[in-house]
Amino acid sequence: MADLRASRCEQLVDPVTALTVAVVSCNERIPQSFTDVIRAAEEVRAIAELGSAGVDSSDYVEWATGSPETLGALIEAAETKDSKGVWEAFSHPQYGLHRVAAACNGLPKWAPPAGSEFV
C-alpha cells in the first residue's frame, strides 16, 4: 500500500498553496481573494473529509479531526468578506493550515524554501 500521508499531502499541496495566497490577499482587501479563499478551502476540506484512517502522522490525524469544521468557518467568513474571520480560521491553533504543513513537512513540495529561517 502506498504511503497514505504522502498521497494526501500531494493532493493538498496545490489547494493549500492557493488558500494561503488567497488568505494573504484577503488582508489586502482584494475583492477576488474572497472567492479564491472559498474555492481553495472547499478543495482542502474535501480532502480533509476523507479522514485520517491509515495516515501515520499525529499532526495529520489531529488536523483532519477538526479541520472540516474550521474550514467551514473560514468559508463562511469569506462569504461575508470578513478578513479577520478568514485569518482566525486559517490560523486556528489546533486545526489551522500550519498543522497540515507540519504533517506534510519533508515531503516533496512541502519543504521550506532554501535560505528560509525554517531550513
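The values are calculated or read from the model by the stated rules, or taken from the named source; none is laboratory data. Nothing here was measured: the structure is a model prediction, and the numbers come from that model. Because the Cβ atoms are built from the backbone with ideal geometry, glycine has one as well, and the counts that use them run over all protein chains shown. Quick note on the areas: whole protein, heavy atoms, side chains included, nothing else; ligands and nucleic acids left out. Shrake-Rupley method; radii C 1.70, N 1.55, O 1.52, S 1.80 Å.
Among the chymotrypsin sites (Phe, Trp or Tyr not before Pro) in the range 31-119, those located in a DSSP loop and surrounded by at most 10 other Cβ atoms within 10 Å of their own Cβ are Phe118. When a 1.4 Å probe is rolled over the protein heavy atoms, the share of accessible surface on the chain that falls to carbon and sulfur comes to 53 percent.
Would you please calculate the Kirkwood hydrodynamic radius of the chain over all C-alpha pairs and express it in Å, rounded to one decimal?
It works out to 14.3 Å.
Give the residues of the range 1-21 whose amide nitrogen is closer than 14 Å to a point set 7 Å from the Cα of Ala46 in the direction of its Cβ. Those under the cut-off are 11-16.
Normalised per residue, the accessible area of the chain is 56 Å², obtained with a 1.4 Å probe and no contribution from ligands, DNA or RNA. Here is the tail figure for the range 27-70: Cα pairs spaced more than 16 Å apart come to 46 percent of all pairs.
Estimated at 0.36 nm per residue, the fully extended path between Ser58 and Glu76 surpasses their Cα-Cα distance by 3.7 nm. Loop sites here are GluC sites (Glu not before Pro) outside DSSP states H, G, I, E and B with no more than 11 other Cβ atoms within 10 Å. The longest part of the chain free of them is 50-116.
As a length-normalised measure over Cα pairs under 8 Å and 6 or more apart, the relative contact order of the chain settles at 27 percent.
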